[in-house]
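Notes follow the structure.
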Amino acid sequence: GAVVSQHPSRVICKSGTSVKIECRSLDFQATTMFWYRQFPKQSLMLMATSNEGSKATYEQGVEKDKFLINHASLTLSTLTVTSAHPEDSSFYICSAPDAYGYTFGSGTRLTVV
Amino acid sequence: SQQGEEDPQALSIQGGENATMNCSYKTSINNLQWYRQNSGRGLVHLILIRSNEREKHSGRLRVTLDTSKKSSSLLITASRAADTASYFCAMNSGGYQKVTFGTGTKLQVIP
């Protein structure tokens with residue numbers, strides 16, 4: 001089946017630095033990628049939707065200048081958390097529509113210290 | 001964006017028993033999906049039911065959808081310890097492919 005490869009799986013960074021998370025679709029083209037954030041013991045909250053060749057669409061309350069999304073090609077979407085702070089520590093996960101529904105990446109556990 | 005409400009929030013059952021989780025949502029949908037998430041891991045797609053379907057089966061899973069009540073249920077029969085996980089419903093609505101998630105049910109199956 002379709003696979004979305006997400007890296008890194010875990011990252012620890014210092015407060016004030018930026019972190020890039022990559023999601024690659026394998027064996028299929030992802031013209032759209034959804035980015036979610038999940039705080040401990042909570043559900044997934046949609047942050048933004050990236051579309052290849054156009055600007056990302058952000059959900060209400062999500063700072064677009066803080067969470068930079070780039071959809072460089074039909075197989076790669078990236079989320080960069082800029083000037084990360086401890087409150088940005090969370091589980092970030094991407095998802096792409098495929099022929100059968102949606103395929104999720106394995107997630108990135110971000111810890112900002 | 002809408003988010004589904006799931007109940008119960010947590011469920012603990014003995015192995016072999018059936019587990020039922022319910023999901024309610026607010027606006028009309030194109031389809032509804034159920035996912036499983038093991039602690040701290042990614043999501044596994046379980047089943048998708050379209051708005052014109054009322055019931056769907058997949059192995060030990062049975063999903064129902066009542067669009068008039070804007071609700072869905074997931075039944076896991078003959079539960080096993082390996083079924084211990086969090087379960088989320090996810091709604092796809094509008095002409096867009098965006099999917100929003102329910103609040104989740106944490107299931108614990110005691111061997």
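The values are calculated or read from the model by the stated rules, or taken from the named source; none is laboratory data. Keep in mind that what you see is a predicted model, and the values were worked out from it rather than measured. Using ideal geometry, Cβ is built from the backbone for each residue, glycine included, and neighbour counts are taken over all protein chains shown. When the accessible area is computed, the model is the full protein with side chains, heavy atoms only, and any ligands, DNA or RNA have been set aside. Shrake-Rupley method; radii C 1.70, N 1.55, O 1.52, S 1.80 Å.
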Here the cysteines of the protein assembly as shown lacking a cysteine partner under 4.7 Å (Cβ to Cβ) are A:Cys13
The pairs in A:Lys14/B:Lys98; A:Lys55/B:Lys69; A:Lys64/B:Lys98; A:Lys14/A:Lys64 lying past 28 Å Cα-Cα in this model are A:Lys14/B:Lys98; A:Lys55/B:Lys69
Using the alpha-carbon centroid of each, what span in Å lies between the stretch A:39-113 and the stretch A:1-24?
9
Can you give me the solvent accessible area of A:Asp88 with a 1.4 Å probe, rounded to the nearest 10 Å²?
10
Rank A:Arg24, B:Arg41, B:Arg54, B:Arg36 by accessible area, highest first, at a 1.4 Å probe radius?
B:Arg41, B:Arg54, A:Arg24, B:Arg36
Vicinal HN-Hα couplings computed from phi for the stretch A:93-98 (Karplus, 6.51 cos²θ - 1.76 cosθ + 1.60; Hz; Gly/Pro x):
9, 10, 8, 10, x, 10
Would you kindly calculate the translational diffusion coefficient of the stretch B:1-71, applying Stokes-Einstein with the Kirkwood radius from alpha carbon pairs, for 4 °C and a viscosity of 1.567 mPa s, and quote it in µm² s⁻¹ without decimals?
96
Semi-axes of chain A from the Cα gyration tensor (sqrt of 5 times each eigenvalue, largest first, whole Å) come to 22, 15, 13
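Work out, step by step, the length gained on full extension between B:Ser39 and B:Ser68: first 0.36 nm times the residue separation, then minus their alpha carbon distance; give nm to one decimal.
Answer, rounded to one decimal: 7.1 nm.
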How much length, in nm to one decimal, is gained on full extension between A:Lys20 and A:Ser5, taken as 0.36 nm per residue of separation minus their Cα-Cα distance?
4.0 nm
